[in-house]
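One structure is given below, encoded as structure tokens.
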């Protein structure tokens, strides 16, 4: 397995810049090599285009997605200025979040060939390699360093190394093949009798500090969390296939009292009768590994989702009369500490089945002792009772603002400890990854016995300052008698439509989605698109949950709590006509076309290539349709390079305004029918500080 072994995530500190540069270069290439080697387990090209499961893209997407992610982040960081392949970067930009076990994705895509995607990956690899050679480097590497973005791309690739391996494991056997570099463990024996080990009370402290960070970290790892953990007992071993078999044979899957409402609904929907990776062949059980089925290794850890793990604990509570449950995140950190564990060493193998140091599969639960326990880290991830939440002081990175925030919904539970294929950041103690409770990963569980109920941290209120300000801007109060801006724009657009067809509308740069919803009062269907999934999440939350909660800064650390409901806004009857997508206005997918109205509100002066958008927007519209553009024309080089501005400068010695630029670019396909018109808006920053701005609105009719 030595050629499969991934390099450790680099230290951010050091004294030798050139050595650090080469360390990161090696980390890049070994990671990309390992990822591409994973896809060699597919048996033919057809395997790339058949979905392993209906809720996810086929594997061709994941082959291209990680390189597209790299390109998108390098553009955001200003490290490159042009796209490498716009078609692929539109196709591979946004994956499918398995948000609902009963929501099938039926979208059809025109996927490129495997050869084309591999060629694209090679181009992106070469560009990143050149950046590593040319980019100035100052140590230590910090959150604000451009090198952080390069590490972000590499660590993101390692996340998909693991998630893609799960999809390959879920593929039909005809589409996969054993591979010499992905050899599973070959040993198995009798499963041990599990027992409980006492864990004394103690405190745990979590949260990374930007000022003295040692390794790359994702946003949810930062901040502060201190907890006192009461004494509890924990199982010495992970729950083995043998131990879980007793639950299966006790008719545990059919006993509804063991399952919560959500788990019972999932179990009924999929008709699960045993773990997903178990295969019944006549009277014998077999286990599906990544590329093959083997006789059941009863002493390996069982791999299940949260619902199954929780049902097992409820069954064990009923049969043992002890309060059995899954550990909380705090309790897992306590286990880590009492086992006296430390990070995976850079130059030695891990002390657990981790980081691809041993096998391309799980192994017996008795193989890696760690203190009085086994497998506190490694072998399989471990489900916890804790839905992910932000630590105090949580902040998002500007180049990946939606890594964690969409999961602050009390529906994504944390998994801890890593699996056999968890590399880089995933192998660190600080790693915080969370998945929907029906999700399958290389994940199992251990159980604890405790009289202390598992507590859940509150993540119900949006606390990010920018998102809260936009929530108030879209759905909140009126200030200084200035009408709600998104509502005003929707009313202006609807009034201008008159008797024109009103089948489809597009709210481009929709932010939190109020105009999208308001347009649905008039149009049959409205699509909202924004580059930021964080903003879109507010509109999605209103549609799905009917409520949006957020905090507003009053002064200093003092906040007020706000709540808006879809019913209270009078929009409950139109939600079925609205959908939201993440997308790049300069690189939209072909399916976004045929609109009778496009609203581009305060968008053009935030685009990296506004002329490209304006020159192609007519292709998205029906003849006679309306284009509404609003903007305060606040051109900033941090968003748009000066040479890409469409106005706001001198041309031939004379003033050339943005309106002049709009007329020049749009004139071939549109005629100006209304405006310019000043539309004011107010954004609340604190109780005593507000932004008052005038946007200029123009309405254009498509004539050709």
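Here are a few things to note about the model shown:
- Residues in the range 107-121 that are assigned to a helix (DSSP H, G or I) and touching a helix residue (DSSP H, G or I) at 6+ places or on another chain (Cβ under 6 Å) were compared, and the one that is nearest to residue 48 (Cα to Cα) is 114.
- Some residue of the range 613-630 being at pLDDT 95 or above and under 28 Å from the mean Cα position of the chain (by Cα): yes
- Matching option when the condition is out of contact with any helix residue (DSSP H, G or I) (no Cβ under 9 Å at 6 or more places or on another chain) and closer than 26 Å to residue 583 by Cα, among 59, 63, 76, 55: 55
- Sub-7 Å Cβ pairs linking a first residue in the range 580-594 that is free of Cβ contacts under 8 Å to residues at least 60 places away in the same chain to a second residue that is assigned to a loop (DSSP other than H, G, I, E, B), at least 6 apart or interchain, are 586/607; 586/608; 586/609, ordered by first then second residue.
- Boolean, residue 648 is on the phi > 0 side of the Ramachandran plot, touching a helix residue (DSSP H, G or I) at 6+ places or on another chain (Cβ under 7 Å) and in the same structural domain as residue 478 (by TED's automatic domain parsing): yes
- Checking the stated criteria, residue 611 turns out not to satisfy the condition of being assigned by TED's automatic domain parsing to the domain that holds residue 679, buried (at least 19 other Cβ atoms within 10 Å of the Cβ) and not in a loop (DSSP other than H, G, I, E, B).
- Total residues in the range 191-224, condition assigned to a loop (DSSP other than H, G, I, E, B) and touching a residue at least 12 places away in the same chain (Cβ under 8 Å): 15
- Filter result (surrounded by fewer than 18 Cβ atoms within 10 Å (Cβ to Cβ) and closer than 19 Å to residue 120 by Cα) within the range 39-57: 40, 45, 49
- Filter pass, residue 338 being in contact with a strand residue (DSSP E or B) (Cβ under 9 Å, 6 or more places away or on another chain), within 23 Å of residue 303 (Cα to Cα) and either assigned by TED's automatic domain parsing to the domain that holds residue 205 or at pLDDT below 95 (or both): no
- If the condition is being in contact with a strand residue (DSSP E or B) (Cβ under 9 Å, 6 or more places away or on another chain) and surrounded by fewer than 18 Cβ atoms within 10 Å (Cβ to Cβ), then the range 154-178 contributes 170, 173, 177.
- Boolean, residue 594 is in the same structural domain as residue 628 (by TED's automatic domain parsing), more than 25 Å from residue 463 (Cβ to Cβ) and touching a strand residue (DSSP E or B) at 6+ places or on another chain (Cβ under 7 Å): yes
- Count - residues of the range 79-93 that are under 17 Å from residue 582 (Cα atoms) and either in a loop (DSSP other than H, G, I, E, B) or in contact with a strand residue (DSSP E or B) (Cβ under 7 Å, 6 or more places away or on another chain) (or both): 2
- Of all residues making up the range 122-137, the number that are part of a loop (DSSP other than H, G, I, E, B) and either surrounded by 11 or more Cβ atoms within 10 Å (Cβ to Cβ) or touching a strand residue (DSSP E or B) at 6+ places or on another chain (Cβ under 9 Å) (or both): 2
- The residue list 151, 167 contains one member that is closer than 27 Å to residue 26 by Cβ, in contact with a helix residue (DSSP H, G or I) (Cβ under 8 Å, 6 or more places away or on another chain) and either in a helix (DSSP H, G or I) or outside the structural domain of residue 9 (by TED's automatic domain parsing) (or both), which is 151.
- Where residue 210 falls short, out of the listed (1) in contact with a strand residue (DSSP E or B) (Cβ under 7 Å, 6 or more places away or on another chain); (2) surrounded by fewer than 15 Cβ atoms within 10 Å (Cβ to Cβ); (3) more than 26 Å from residue 14 (Cβ to Cβ): (3)
- Looking only at the range 478-535, and only at residues there that are out of contact with any strand residue (DSSP E or B) (no Cβ under 8 Å at 6 or more places or on another chain) and modelled with pLDDT under 95, the one that is surrounded by the fewest Cβ atoms within 10 Å (Cβ to Cβ): 534
- Among the conditions (1) crowded, with 17+ Cβ neighbours inside 10 Å; (2) farther than 26 Å from residue 367 by Cβ; (3) under 30 Å from the mean Cα position of the chain (by Cα), residue 274 misses just one, which is (2).
- Within the range 575-601, tally of residues that are part of a loop (DSSP other than H, G, I, E, B) and under 28 Å from the mean Cα position of the chain (by Cα): 11
The values are calculated or read from the model by the stated rules, or taken from the named source; none is laboratory data. All of these numbers come straight from a predicted model, not from anything done at the bench. Positions of Cβ are backbone-derived with ideal geometry, glycine not excepted, and every protein chain shown enters the neighbour counts.
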